[in-house]
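Asks: Could you have a look at this structure, given as structure tokens, before my questions?
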Amino acid sequence: MIRALGATTIQTLVSHGRWGIFMVQVILGSLRMPFKFKACVQEIKAIGADSLSIIVFTALFTGMVLGLQGYTTLKQFGADSALGLGVTITLFSELGPVLAALLLTGRAGSSMCAQIGVMRISEQIDALETMGIDPFHYIISPKLIAGIISFPILTFLFSLVGIFGGYVAGVMLLGVNSGEYYSGIVRALNNETIIPMCFFKSLVFGILMVMICTFQGYMVYMQKAKGAIGVSKSTTSAVVFTSVNVLLWDYLLTSVLI
Amino acid sequence: MSVTIALELIDIYKSFGAQKVHQGINLKIEKGRSAIVVGQSGAGKSVMLKYFTGLMKPDSGSVKVFDADISKMSRKELFAVRSRLGVLFQSAALFDSLTTFENVALPLREKTKMTESQIRASVLEKLDLVGMVDAIDKYPANLSGGMQKRVGLARALQRDPDIVLFDEPTTGLDPETTHTIYDLFAETQKKLGYTSLIVSHDIPKVFRIADVVAVLSNKEIQLCEKHCLGEGCGNPWLTKMLKLEKAGLKGTLL
């Protein structure tokens with residue numbers, strides 16, 4: 001039993017050590033010159049532009065549901081005029097960053113992990129190493145930079161489209177006064193913590209998503225199953241770990257930033 | 001006259017958990033020679049190759065490339081040594097998202113300050129050497145296994161390396177392509193004068209391009225000169241493999 005406990009402890013320390021070394025190498029790779037401008041643009045397209053439709057679609061219906069639920073609840077207290085305020089605060093401080101991060105993890109994070117995993121098992125990453133090309137600089141740093149740029153933009157977009165969805169449900173379908181809805185939005189955005197919270201959360205979630213998904217792909221050889229099954233397991237782990245971490249960090253960041 | 005040693009392993013030990021792979025192996029390969037490593041499956045042939053690229057480190061012992069001990073080098077120092085190496089991987093390891101031209105140009109674009117026209121000239125020269133100029137705009141997915149190996153070789157030779165390492169380069173190729181690839185290795189080596197180390201299980205076909213053969217069996221290594229290869233150089237495993245090959249039974253036991 002003591003031996004098993006010792007083995008588990010060592011295993012845990014080793015895997016955390018690998019994670020730490022990986023993060024340091026990615027950060028150093030991102031700071032190294034020359035800056036990979038073309039690769040960054042391609043990654044921004046992959047994470048950002050290619051995710052636009054799913055972000056807009058999900059945000060619209062999330063906002064509409066918020067409008068509907070918010071109206072029904074607030075109406076009971078005669079406070080339906082606060083619908084714009086409620087929808088805006090909810091979207092900017094919570095649902096926007098969290099849902100955008102979860103959607104992007106499912107769409108871009110899984111693809112990132114699978115791409116690096118396949119490059120790993122087909123020796124492409126080894127080939128880079130043997131050519132003296134740093135794979136952290138060449139492959140992973142453009143993804144990190146793209147994540148840092150794309151996540152806040154997509155999160156703000158999500159929140160804005162969600163507010164419009166709330167407007168459609170609350171004002172256009174349920175008859176809330178549009179002026180009151182608009183003034184609620186303005187009041188919410190005048191709150192000093194809302195926009196910085198949205199920005200900071202989206203930034204942290206972007207970094208988390210890229211780090212976890214690329215780490216899982218890069219370490220695909222640590223999976224017991226090899227080949228395609230190993231890549232599939234790594235991709236699943238990447239999505240699960242990122243999603244759990246997004247929710248965990250959401251609470252931690254909210255408790256600090258609120 | 002003193003002989004320059006290009007690749008050297010000194011008293012190498014390596015285990016993966018309880019599985020002991022190398023138990024005090026030693027190897028010296030002289031500059032400009034072509035060495036082949038053969039041995040049982042799981043004997044640690046590819047692991048040995050990875051020592052020289054720095055992708056894997058032994059548990060103990062020294063790995064030297066032109067007298068520099070790479071087993072104790074930092075990552076940065078290792079990158080400098082790697083610039084003298086070319087590697088052809090078992091799967092060719094071409095980048096799926098890049099064309100043949102871009103794959104071969106990659107080491108020059110990333111590691112040199114050459115202009116685009118100089119890069120183009122150099123890539124065309126290497127692709128011509130391996131007979132792949134016509135496939136310049138094709139992606140790896142549109143190339144056959146043999147063609148991928150040729151492009152992989154062109155990429156490995158791109159920076160005019162002093163040493164080229166080949167990891168099971170003919171795996172998955174038909175006999176005719178295998179012969180063509182071996183001819184290509186011999187031809188490029190003659191032209192460029194690099195030292196080559198080829199890990200292979202292709203006995204005895206691969207022997208025709210060898211100056212020396214290292215047989216890895218029972219966790220130890222034995223060097224065989226070309227003249228005694230026909231009889232197995234007194235190595236029990238090699239003798240057995242050659243007999244099986246003659247009887248046409250090798251494939252049933254490997």
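The values are calculated or read from the model by the stated rules, or taken from the named source; none is laboratory data. On a predicted model such as this, the values are computed, not experimentally measured, just so you know. Cβ coordinates were reconstructed from backbone atoms using ideal geometry, including for glycine residues, and neighbour counts include every protein chain displayed. Areas reflect the complete protein model, heavy atoms only, side chains present, ligands, DNA and RNA absent. Shrake-Rupley method; radii C 1.70, N 1.55, O 1.52, S 1.80 Å.
Asks: Roughly speaking, what % of Cα-Cα pairs in the stretch B:135-212 are separated by over 19 Å, rounded to a whole number? Before the final figure, lay out the partial values.
Replies: On the way: 1031 of 3003 pairs.
Of all Cα-Cα pairs in the stretch B:135-212, 34 percent lie more than 19 Å apart.
Asks: On to the next question. On a full-extension model of 0.36 nm per residue, what is the gain between B:Asp128 and B:Thr239, subtracting their alpha-carbon distance, rounded to one decimal in nm?
Replies: Here the segment from B:Asp128 to B:Thr239 would lengthen by 36.0 nm.
Asks: Rounded to the nearest 500, what is chain A's calculated 222 nm mean residue ellipticity when only DSSP H runs of at least 4 contribute -39500 (n - 2.57) each, over all residues?
Replies: Only helices count here, giving -26000 deg cm²/dmol.
Asks: With an 8 Å Cα cut-off and a minimum separation of 6 or more residues, compute the relative contact order for chain B in percent.
Replies: Once divided by the residue count of chain B, the mean separation gives 25 percent.
Asks: Same structure again: Using the heavy atoms of the protein chains alone and a 1.4 angstrom probe, what is the accessible area of the protein assembly as shown per residue in square angstrom?
Replies: 47 Å²
Asks: What order do you get for A:160-169, A:226-235 when each peptide is scored by the mean count of other beta carbon atoms within 10 Å, highest first?
Replies: On the way: A:160-169: 23.1, A:226-235: 16.9.
In decreasing order of mean packing, A:160-169, A:226-235 become A:160-169, A:226-235.
Asks: A further question on this structure: Compute the long axis of helix B:145-156 from its Cα atoms, compare it with the longest principal axis of the Cα atoms of chain B, and write down the angle in degrees, 0 to 90, nearest 10.
Replies: 80 degrees
Asks: Taking every eigenvalue of the Cα gyration tensor of the stretch B:63-210, multiplying by 5 and rooting it, what semi-axes result, largest first, whole Å?
Replies: Working from the Cα gyration tensor, I get semi-axes of 23, 22, 13 Å.
Asks: Another question, then. Check chain A for me: any Cys whose beta-carbon has no other cysteine beta-carbon within less than 4.7 Å?
Replies: A:Cys40, A:Cys198, each lacking another Cys Cβ under 4.7 Å.
Asks: Compute the FRET efficiency between A:Ser178 and B:Lys138 as 1/(1 + (r/R0)^6), taking r as their Cβ-Cβ distance and R0 = 60 Å, and round to the nearest 0.05.
Replies: On the way: r = 58 Å, r/R0 = 0.97.
It comes out at approximately 0.55.
Asks: Give me a single rounded figure for A:117-125: the average over its residues of other chain Cβ atoms within 10 Å of their Cβ.
Replies: For this peptide, the per-residue mean of nearby foreign Cβ atoms is 4.
Asks: Taking every residue in B:100-112, how many Cβ atoms of other protein chains lie within 10 Å of its Cβ, on average?
Replies: Details: counts 0, 0, 0, 1, 0, 0, 5, 6, 1, 1, 8, 3, 0.
If you average over the peptide's residues, the count of other-chain Cβ atoms is 2.
Asks: While we're on this one: For chain B, what does -39500 (n - 2.57) per DSSP helix run (n ≥ 4), summed and divided by total residues, give at 222 nm, in deg cm²/dmol to the nearest 500?
Replies: The per-residue figure over chain B is -10500 deg cm²/dmol.
Asks: Still on this model: Using alpha-carbon pairs under 8 Å, 6+ residues apart, how would you state the relative contact order of the stretch B:1-107 in percent?
Replies: Across the stretch B:1-107, relative contact order equals 25 percent.
Asks: Right, something else. Could you name the lysines whose alpha carbon sits less than 16 Å from that of B:Lys149, not counting residues in the same chain fewer than 8 places away?
Replies: B:Lys126, B:Lys138
Asks: Once phi is turned into θ = phi - 60°, what whole-Hz ³J(HN,Hα) does the Karplus curve with 6.51, -1.76 and 1.60 give for every residue of the stretch B:162-176, x standing for Gly and Pro?
Replies: 7, 9, 10, 10, 10, 9, 6, x, 10, 4, x, 9, 6, x, 5
Asks: Something else: For the pair B and A, how large is the buried accessible area, both sides, in square angstrom to the nearest 100, if the probe is 1.4 Å?
Replies: Chains B and A together bury approximately 1700 Å².
Asks: Okay, next question. For the pair A:Ala49 and B:Glu116, what calculated FRET efficiency results from E = 1/(1 + (r/R0)^6), where r is the Cβ-Cβ distance and R0 = 25 Å, to the nearest 0.05?
Replies: 0.35
Asks: Which entries in the list B:Lys219/B:Lys240; B:Lys45/B:Lys205; A:Lys226/B:Lys28 go over 22 Å, if you measure between the two C-alpha atoms of each?
Replies: A:Lys226/B:Lys28
Asks: Report B:Cys233's accessible area, 1.4 Å probe, all protein chains in place, as a number in Å² to the nearest 10.
Replies: 30 Å²
Asks: Multiply the residue gap between A:Phe37 and A:Leu189 by 0.36 nm, knock off their C-alpha separation, and tell me the result in nm, one decimal place. Let's see the in-between values first.
Replies: Details: separation 152, 0.36 × 152 = 54.72 nm, distance 3.38 nm.
Length difference between fully extended and current span is 51.3 nm.
Asks: What are the lysines whose alpha-carbon lies under 17 Å from the alpha-carbon of B:Lys72, with same-chain residues fewer than 8 places away excluded?
Replies: In chain and number order, the partners are B:Lys14, B:Lys50, B:Lys57, B:Lys64.
Asks: Could you give the size of the charge dipole of chain A about its Cα centre, using +1 on the Cβ of each K and R and -1 on the Cβ of each D and E, expressed in debye and rounded to the nearest 20?
Replies: Roughly 560 debye for chain A.
Asks: Based on Cα coordinates alone, diagonalise the gyration tensor for chain A, multiply each eigenvalue by 5, take square roots, and list the semi-axes in whole Å, largest first.
Replies: Numbers: eigenvalues 323, 80, 50 Å².
Taking √(5λ) for each Cα gyration eigenvalue gives 40, 20, 16 Å.
Asks: Still on this structure: With +1 on each Lys and Arg Cβ and -1 on each Asp and Glu Cβ, and nothing else charged, work out how big the dipole of the stretch A:57-142 is about its Cα centre, in Debye to the nearest 20.
Replies: Using only the charged Cβ atoms, the result is roughly 420 debye.
Asks: Ok, one more. Where does the protein assembly as shown land on the Kirkwood hydrodynamic radius, alpha-carbon pairs, in angstrom?
Replies: About 26.2 Å, per the Kirkwood formula over Cα pairs.
Asks: Tell me which residues come under 5 Å, amide H to amide H, from B:Gly39 once H is placed; ignore anything under 5 positions away on its chain.
Replies: It is B:Leu216, by chain and number.
Asks: In chain B, what percent of the accessible surface is made up of carbon and sulfur (1.4 Å probe, ligands and nucleic acids excluded)? List each step's numbers first, then the result.
Replies: Values: 5780 of 11610 Å².
Here carbon and sulfur together make up 50 percent of the probe-accessible area.
Asks: Let me ask something additional. Report, in debye and to the nearest 20, how large the dipole of chain B comes out about its Cα centre when Lys and Arg carry +1 and Asp and Glu carry -1 on their Cβ.
Replies: 480 debye
Asks: At 7 Å along Cα-to-Cβ for each site, give me the label-to-label distance between A:Gln76 and A:Val24 in nm.
Replies: Here the modelled spin labels are 5.5 nm apart.
Asks: Here's a follow-up. Taking 8 Å as the Cα distance limit and 6 or more residues as the minimum spacing, I'd like the relative contact order of the stretch A:1-124 as a percentage.
Replies: Computed value for the stretch A:1-124: 23 percent relative contact order.
Asks: Can you give the local net charge around B:Asn26? Use residues other than it whose beta-carbon is closer than 13 angstrom to its beta-carbon, Lys and Arg +1, Asp and Glu -1. Provide the component values of the computation, followed by the final result.
Replies: Values: positive: B:Lys28, B:Lys64, B:Lys219; negative: B:Glu8, B:Asp11, B:Glu220.
Spelling it out: positives minus negatives among the neighbours equals 0.
Asks: Still on this structure, I have one more. Can you list the HN-Hα couplings for the stretch A:161-167, worked out from phi with the Karplus curve (6.51, -1.76, 1.60; θ = phi - 60°), rounded to whole Hz and with x for Gly and Pro?
Replies: So the Karplus estimates, Gly and Pro as x, are 5, x, 5, 5, x, x, 5 Hz.
Asks: Calculate, for B:Val3 and B:Ser46, the FRET efficiency according to 1/(1 + (r/R0)^6) with r their C-beta to C-beta distance and R0 35 Å; round to the nearest 0.05.
Replies: The calculated FRET efficiency here is 0.85.
Asks: What residues of the stretch B:22-67 lose no less than 50 Å² of accessible area with every protein chain in place versus their chain by itself (probe 1.4 Å, heavy atoms only)?
Replies: Buried by the other chains: B:Leu55.
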